[in-house]
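Chemist: Pasting a structure below so you can have a look.
The values are calculated or read from the model by the stated rules, or taken from the named source; none is laboratory data. Predicted model, so just to flag it, every value in this text is computed and none were measured. Cβ coordinates were reconstructed from backbone atoms using ideal geometry, including for glycine residues, and neighbour counts include every protein chain displayed. Note: areas computed on protein heavy atoms with side chains; ligands, DNA, RNA excluded. Shrake-Rupley method; radii C 1.70, N 1.55, O 1.52, S 1.80 Å.
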Amino acid sequence: MKNLVILGGGYGGMRILARLLPNELPEDISITLIDRTPYHCLKTEYYALAAGTISDQHVRVPFPEHSRLNIKYGEVTEINLKENKVYLKENEPVSYDDLVIGLGCEDKYHNVPGAKEFTYSIQSIEKSRQTYQALNNLPPGSVVSIVGAGLSGVELASELNESRPDLKVKLFDRGNHILSAFPVRLSTYVENWFDNHNVEIINNSNITRVEEGTLYNHHEPIQSDIVVWTAGIQPNKIVREMDVEKDRQGRIILTPHHNLPENEHVYVVGDCASLPHAPSAQLAEGQAEQIVDILLKRWNNQELPEQLPTIKLKGVLGSLGKKHGFGLVADRPITGRVARLLKSGILWMYKYHNG
Ligand SMILES: Cc1cc2nc3c(=O)[nH]c(=O)nc-3n(C[C@H](O)[C@H](O)[C@H](O)COP(=O)(O)OP(=O)(O)OC[C@H]3O[C@@H](n4cnc5c(N)ncnc54)[C@H](O)[C@@H]3O)c2cc1C
């Protein structure tokens, strides 16, 4: 038996399992999935978990069951490419014949002093739970500063406003407009929504330091009972420590077949991979589908295509509380209730197909 080891049962890892397991897995291949959590976590919903508008159980999906799927729960501490082994914190190392690294990403603090120590996060389920507790234990009138108004900062600010209208939410962003990756029309729609809901937006900000209870914008202190950091991501520490070629964001550079240039048995999926689009769950899933095609071809000694088709992305949808939303679908901006309904529908479908 050959062992395919998948590190991380996130969006990328889970899609690989979903495609291989029902009928596609060759008889001589078994799979070992390694993750620190005993279920697949819906990371795209962490903003709502942190705000306190959904329960913990709502963001969990059980991993699939299969006679040739072995699931190991544990913390990956090192990937040793020379030994073909993955080291775990409290278990024996696991050997692989093929490896898929899908360990996701972590916050990036851009060397802002105090940011790592004094801000809360929504990048992992453990940290989102801590953020939930901190935010929801705040007394009325407390100030919550959210740094970074990309998709996750905007979703957290609006959801928190809905969950705790008694708090003062401030949203800090570097640009002239929030949601810099979106057309200005959408950013303006969302800015107006925040204006109408008493969320303060501080544009052109530059956070220079964070201390307990204080955020410094351009060195000016701003009293903040809690600061949540949503201002940048970087690949998982395990990947950052690997001695392989990376792009400027620290993501691993891959061949067109999604494996390491020097090793056709090691693939990288999702937020850790250098791809021509910004990281997203959708991208991780699209890439996972291509990795499955390549794995099957290699296992069956079939010829590989020189290039793979471009991964098609359908668009992005963001929520503004439970009733409004915004997004780009097939490059067309949409706003309001329809956008929110679409987002809820996609989540429902995802859970239906994976649960
Ligand atoms: C608030 C928020 C909203 C978002 N909204 C959207 C959206 O609307 N649409 C969209 O497409 N994307 C969205 N994203 C981005 C999306 O969640 C990520 O791009 C996606 O999760 C990446 O998938 P992945 O498989 O690379 O990693 P992940 O889904 O993050 O999975 C990584 C897995 O690795 C495990 N893991 C990590 N380190 C270790 C370790 N050392 N040992 C063992 N296990 C480990 C984790 O437990 C996890 O299961 C959002 C992100 C956030 C934070």
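Chemist: Tell me, which residue of the stretch 1-39 that is assigned to a strand (DSSP E or B) and among the aliphatic types (A, V, I, L, M) is farthest from the ligand (Cβ to nearest atom)?
Modeler: Ranking the candidates gives Ile29 first.
Chemist: Continuing with this model, one more query. Give me the residue from the stretch 79-103 that is farther than 19 Å from Val269 by Cβ and within 12 Å of the ligand (Cβ to nearest atom) and, out of that set, surrounded by the fewest Cβ atoms within 10 Å (Cβ to Cβ).
Modeler: Residue satisfying both the conditions and the ranking: Glu90.
Chemist: Could you go through the stretch 89-101 and let me know if any residue there is basic (Lys, Arg) and in contact (Cβ under 8 Å) with a residue 40 or more places away in the chain.
Modeler: Scanning the stretch 89-101, I find no residue that is basic (Lys, Arg) and in contact (Cβ under 8 Å) with a residue 40 or more places away in the chain, so the answer is no.
Chemist: Please state which one of Ala181, Ala231 is loosely packed, with under 14 Cβ neighbours inside 10 Å, in a loop (DSSP other than H, G, I, E, B) and among the aliphatic types (A, V, I, L, M).
Modeler: Ala181
Chemist: What's the total number of residues in the stretch 108-129 that are within 16 Å of the ligand (Cβ to nearest atom) and either closer than 30 Å to Asn70 by Cα or β-branched (Val, Ile, Thr) (or both)?
Modeler: Of all residues in the stretch 108-129, those within 16 Å of the ligand (Cβ to nearest atom) come to 108-109, 119-129.
The next check asks that each one be either closer than 30 Å to Asn70 by Cα or β-branched (Val, Ile, Thr) (or both); those that pass are 119, 122-129.
Here the count works out to 9.
Chemist: So which pairs qualify, if the first residue must be in the stretch 66-79 and in contact (Cβ under 8 Å) with a residue 24 or more places away in the chain, the second must be open to solvent by 50 Å² or more (accessible area, probe 1.4 Å) and among the hydrophobic types (A, V, I, L, M, F, W, C), the Cβ gap must be under 9 Å, and the two must be at least 6 apart or on different chains?
Modeler: Arg68/Met1
Yes or no, residue by residue, for (1) under 25 Å from Thr77 (Cβ atoms); (2) in contact with a strand residue (DSSP E or B) (Cβ under 7 Å, 6 or more places away or on another chain); (3) modelled with pLDDT of 95 or more:
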site	(1), (2), (3)
Val227	no, yes, yes
Thr230	no, yes, yes
Asp247	yes, no, yes
Ile253	yes, yes, yes
Gly270	yes, no, yes
Pro279	yes, yes, yes
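Chemist: Look through the stretch 208-229, keep the residues that are out of contact with any helix residue (DSSP H, G or I) (no Cβ under 7 Å at 6 or more places or on another chain) and touching a residue at least 40 places away in the same chain (Cβ under 8 Å), and return whichever of them is nearest to Gly175 (Cα to Cα).
Modeler: The selected residue is Asn217.
Chemist: So which strands (runs of 3 or more DSSP E) stay within the stretch 246-355 end to end and still have 3 or more residues that are in contact (Cβ under 8 Å) with a residue 40 or more places away in the chain and over 25 Å from Val184 (Cβ atoms)?
Modeler: So the answer is 263-268.
Chemist: Using beta carbons and a limit of 6 Å, which pairs, at least six apart or on different chains, have the first residue in the stretch 52-64 and closer than 21 Å to Leu33 by Cα and the second one open to solvent by 30 Å² or more (accessible area, probe 1.4 Å) and part of a loop (DSSP other than H, G, I, E, B)?
Modeler: Arg60/Tyr39; Val61/Gly355; Pro62/Tyr39
Chemist: Right, something else. Tell me which residues, restricted to the stretch 1-34, are open to solvent by 10 Å² or more (accessible area, probe 1.4 Å), among the polar types (S, T, N, Q) and in contact (Cβ under 8 Å) with a residue 12 or more places away in the chain.
Modeler: Asn3, Ser30
Chemist: For a quick check of your reading: which strands (runs of 3 or more DSSP E) sit entirely within the stretch 48-111 and have at least 3 residues that are of a type in the set (Val, Ile, Thr)?
Modeler: Passing ranges, in order: 76-80.
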